[in-house]
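The structure appears below as structure tokens.
The values are calculated or read from the model by the stated rules, or taken from the named source; none is laboratory data. The structure presented is a predicted model; accordingly, all values stated were derived computationally and were not measured. Glycine gets a Cβ as well: all are built from the backbone with ideal geometry, and neighbour counts include every protein chain shown.
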Amino acid sequence: MKRRTLLKQIGIGLPALALTQNSNAGLFLQDLAGEKIMKGPFKPTWDSLQAYKVPDWYRNAKFGIWAHWGPQCEAEAGDWYARGMYEEGSHQYNYHIKKYGHPSRFGFKDVINEWKADQWNPEELVALYKEAGAKYFFAMANHHDNFDMYNSKYQKKWNAVNLGPKKDIIEGWAKAAKKEGLPFGCSIHAAHAWRWFETAQRSDKSGSSAGIPYDGKMSKADGKGKWWEGLDPQELYAQNHPLSKDSWDNGSVHRQWHWGEGVYPPSKAYIEKFVNRTIDLINRYEPDLLYFDDSQLPFWPISDAGLRIASHHYNFSLKKYGEMRAVINGKILDEQQRKALVWDIERGQANDILPHVWQTDTCIGSWHYDRTIYERNRYKSPQMVIQTLVDVVSKNGNYLLNIPVRGNGSIDELERKIVSDITKWMKSNSESIYDTRPWHIFGEGPSTQNQAELSAQGFNEGRTKFTSEDVRFNTKGQIIYATVMDWPKDNTVLIKNLGTDSVHFKKKVSNVEWLEAKISLPFEQTEQGLKVTFPDRKPDFSFAHVLKIIS
């Protein structure tokens with residue numbers, strides 16, 4: 001679509017529009033009415049944002065925990081519930097009818113009204129996560145369901161202070177993180193509500209409710225005499241627009257995650273409301289980290305909205321601290337954009353050491369709480385969590401782990417057991433994680449050759465299997481940490497890249513300490529490698545075994 005046609009469709013008259021040009025961006029909307037963008041060295045262009053340097057605190061932290069929690073967790077039926085409940089015949093649609101009723105009569109707005117979060121204790125949970133070794137904490141500020149989890153100035157009605165739990169969720173998380181001395185982050189997903197919620201415009205194609213519209217097109221007038229009288233559902237659903245190309249194809253939303261690729265163009269008012277909501281969030285709660293569930297930045301490349309938010313966040317951090325402490329995570333970044341943001345790989349890992357710090361975000365279950373995962377005991381194992389953490393850190397990455405929160409605000413006992421096991425490993429081995437840097441190579445062993453290839457957004461985790469021959473490396477000063485990814489066969493491991501003939505290592509090893517046991521192990525350094533012998537008895541708590549190599 002040509003830019004002139006696109007701008008007309010989103011309701012912007014070209015003669016009255018202030019425009020800017022840069023080599024990366026092309027034609028963009030300039031500052032419009034609303035929250036003020038803080039001035040400073042960072043301007044809302046990719047060229048300017050590339051002057052960003054990742055702060056050392058983040059490079060050293062390595063491990064964060066995330067509460068990806070909101071009203072969609074009320075149903076406890078998994079991720080993207082507010083979309084899936086409108087997909088006729090789907091598991092979530094059938095579940096919704098059984099639990100709540102037909103979506104023409106009981107829509108997602110009504111699910112919000114059911115959500116009370118009456119067992120939420122943010123101080124207890126954040127303290128638990130800090131004990132487990134998290135060095136920063138993330139909370140979800142809003143999801144594609146367009147519901148703000150804070151006292152939003154611009155989403156005044158559809159937020160957690162006004163509806164549902166009637167609590168400022170972000171304020172609660174932020175205070176808990178501050179009490180524990182953890183940098184605080186907010187994940188922001190609401191830009192895509194415009195396209196994502198289009199399923200709410202549908203109706204059943206068959207059955208007794210065929211042709212009866214779901215509630216996605218309801219207006220304020222439809223609420224007379226109902227619990228939501230006086231509220232406008234369109235402030236939540238944002239569906240007063242035609243459907244996007246192939247909208248009835250449930251999978252098309254993934255193909256259209258990049259704006260402009262078949263999505264009906266969002267209005268100027270919708271985009272600017274998102275900018276104002278996000279700037280208000282930054283100013284009010286002062287998060288150190290922002291995570292955008294977008295390709296690059298929100299509304300790129302049809303608007304400079306995300307660039308304005310990014311420049312504000314960086315300049316805000318500089319003014320607040322006198323130095324850069326801010327971090328922004330973005331997805332599917334090119335080489336230049338990875339200088340401006342921290343590249344986030346969803347549920348996946350890089351295949352080698354990357355020159356710029358990056359992050360994987362993942363979850364032990366479904367992003368939004370799913371009761372069936374609990375009932376079937378299908379969470380990720382602590383071993384998989386730790387092995388992935390070690391692999392990510394060896395490649396210059398950080399690891400952000402979501403522990404799904406139930407609708408009532410608690411986590412279940414299986415999740416607590418996983419967190420407890422992570423805690424045990426980190427208490428013994430965290431010095432091999434924090435403050436480290438990559439070695440010459442990230443590792444050795446079969447897994448370095450059979451890695452699942454990374455493409456686009458991510459989603460390659462869990463397909464690389466680790467064996468006792470697999471080792472991951474990182475360093476701290478003159479120390480090399482070599483993590484054996486599984487208990488070695490015959491209690492002996494040969495680390496080939498630490499031998500006397502290694503092209504990466506030219507030193508004589510003087511001591512090998514098994515970190516979790518705090519004991520020195522017998523070793524022999526030859527041309528073939530560094531042979532280390534573990535004790536005969538395999539430990540009860542066996543995930544990944546860190547050797548502290550001193551030369």
- Note on the structure: The condition of being touching a residue at least 24 places away in the same chain (Cβ under 8 Å) and either touching a Leu at 6+ places or on another chain (Cβ under 8 Å) or assigned to a loop (DSSP other than H, G, I, E, B) (or both) holds, among Gln349, Gln387, only for Gln349
- Does the range 507-523 contain at least one residue that is at pLDDT 95 or above and among the acidic types (Asp, Glu)? yes
- Have a look at Ala127, Ala132 and point out the one that is in contact with a Ser or Thr (Cβ under 9 Å, 6 or more places away or on another chain), touching a residue at least 24 places away in the same chain (Cβ under 8 Å) and either at negative phi or not small (Gly, Ala, Ser) (or both). Ala132
- Taking Tyr374 as meeting all but one of (1) in a loop (DSSP other than H, G, I, E, B); (2) of a type in the set (Phe, Trp, Tyr); (3) over 27 Å from Val54 (Cβ atoms), write down the number of the exception. (1)
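Does Arg416 satisfy the condition of being within 28 Å of the chain's Cα centre (by Cα) and not assigned by TED's automatic domain parsing to the domain that holds Thr533?
yes
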- Query: Of the residues Gln478, Gln525, which single one is closer than 26 Å to Asn398 by Cβ and out of contact with any Leu (no Cβ under 6 Å at 6 or more places or on another chain)?
  - Reply: Gln478
- For residues that are more than 14 Å from Pro122 (Cα to Cα), buried (at least 22 other Cβ atoms within 10 Å of the Cβ) and touching a helix residue (DSSP H, G or I) at 6+ places or on another chain (Cβ under 8 Å), tally how many sit in the range 151-182. 5
- Residue count for the range 78-104, restricted to those that are over 21 Å from Phe147 (Cα atoms), among the polar types (S, T, N, Q) and touching a strand residue (DSSP E or B) at 6+ places or on another chain (Cβ under 9 Å): 0
- Item | Selection within the range 210-227 - free of Cβ contacts under 8 Å to residues at least 40 places away in the same chain and either among the basic types (Lys, Arg) or assigned to a strand (DSSP E or B) (or both) | Ala210, Lys217, Lys220, Lys224, Lys226
- Determine whether Ala269 is within 22 Å of Asp47 (Cβ to Cβ) and at pLDDT 95 or above. no
- Item | Condition check for Lys205: surrounded by fewer than 16 Cβ atoms within 10 Å (Cβ to Cβ) and touching a helix residue (DSSP H, G or I) at 6+ places or on another chain (Cβ under 8 Å) | no
- Name the pairs: first residue in the range 534-547 and in contact (Cβ under 8 Å) with a residue 24 or more places away in the chain, second residue in a loop (DSSP other than H, G, I, E, B) and surrounded by 12 or more Cβ atoms within 10 Å (Cβ to Cβ), Cβ to Cβ under 6 Å, at least 6 apart or on different chains? Lys538/Trp487; Ser542/Trp487; Ala544/Met485; Val546/Leu515
- Query: Looking only at residues in the range 487-506 that are surrounded by fewer than 16 Cβ atoms within 10 Å (Cβ to Cβ) and touching a helix residue (DSSP H, G or I) at 6+ places or on another chain (Cβ under 9 Å), which one is nearest to Val546 (Cα to Cα)?
  - Reply: His504
- Would you point out which residue out of Lys320, Lys331, Lys339 is buried (at least 20 other Cβ atoms within 10 Å of the Cβ), charged (D, E, K, R) and not assigned by TED's automatic domain parsing to the domain that holds Arg463? Lys331
- Specify which of the listed residues (Ala51, Ala18, Ala25) is over 21 Å from the mean Cα position of the chain (by Cα) and at pLDDT 50 or above. Ala51
